[in-house]
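What follows is a single structure, written as structure tokens, with notes after it.
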Amino acid sequence: MSEPLPPTQVDALRLAVIRLDRKLRKSAGGEGVTPSQYSALFTLDRHGPFRLGELARREQISSSSVTRLAAGLEGRGLVRRTEDDTDGRSSVLSITDDGRAVLAGMARKSNDYLRQRLEALSEPELTLLLDAVGIIARLAERA
């Protein structure tokens, strides 16, 4: 792109993403899980188990924050902490069946909300939006 994007377009995209994220989180019901806890559960489910330090790195949070996060999830029975087989001073965090059930319930509710919204779009709008999913995903992955 040769010319810079107008700030109003960047603002409009940012606001749309924030609003959609807020509505998806609200529609998921939360199950009493904070956005940070949800993200950690998702990461543990898809890529774990992890030592706390690795989870902190993946979630891009401090070691003290991940310790608090893990304690909250462990207290609710959504994750399990076990001793690391290779280093007795470290522990490994893994998601429990209850944690997976919370994730599944939240995903089902937010997917239902999103599906209803998508079905209200015209065919050309839906095609355009679905074609942009890969681009949006790449934007989210960049550091």
Quiz prompt | the chain - mean residue ellipticity at 222 nm from DSSP helices (-39,500 (n - 2.57) per run, n ≥ 4, rounded to 500) | solution = -22500 deg cm²/dmol
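Roll a 1.4 Å probe over the protein chains and send me the accessible area per residue for the range 1-104 in Å².
Computed with neighbouring chains in place, this is 66 Å² per residue.
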Quiz prompt | Two-site label geometry, L13 and Q60: point separation in nm, points 7 Å out along Cα→Cβ | solution = 1.6
Practice problem: Any chance you could look up the accessible area of E59 with a 1.4 Å probe, heavy atoms only, rounded to 10 Å²? | Solution: 30
Quiz item: Comparing L130, L78, L55, which has the greatest mean-square fluctuation in the GNM of the chain with Cα pairs linked when under 10 Å apart?
Solution: L130
Self-check item: trypsin sites (Lys or Arg not before Pro) restricted to the range 1-85 and DSSP loop, no more than 16 other C-beta within 10 Å
Solution: R76
Quiz prompt | Estimated distance in nm for a label pair at T67 and K23, the labels positioned 7 Å out from Cα along Cα-to-Cβ | solution = 4.1
Exercise. Tell me which label goes with the value of Kirkwood radius over Cα pairs in Å computed from the coordinates here: (i) 15.9; (ii) 14.0; (iii) 17.4.
Key: (iii)
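The values are calculated or read from the model by the stated rules, or taken from the named source; none is laboratory data. Every value quoted in this text rests on a predicted model; they were computed, and no experiment measured them. Quick reminder, even Gly has a Cβ in these numbers, built from the backbone with ideal geometry, and neighbours come from all protein chains shown. Please note that ligands, DNA and RNA were not included when accessible areas were found on the heavy atoms of the full protein model with its side chains. Shrake-Rupley method; radii C 1.70, N 1.55, O 1.52, S 1.80 Å.
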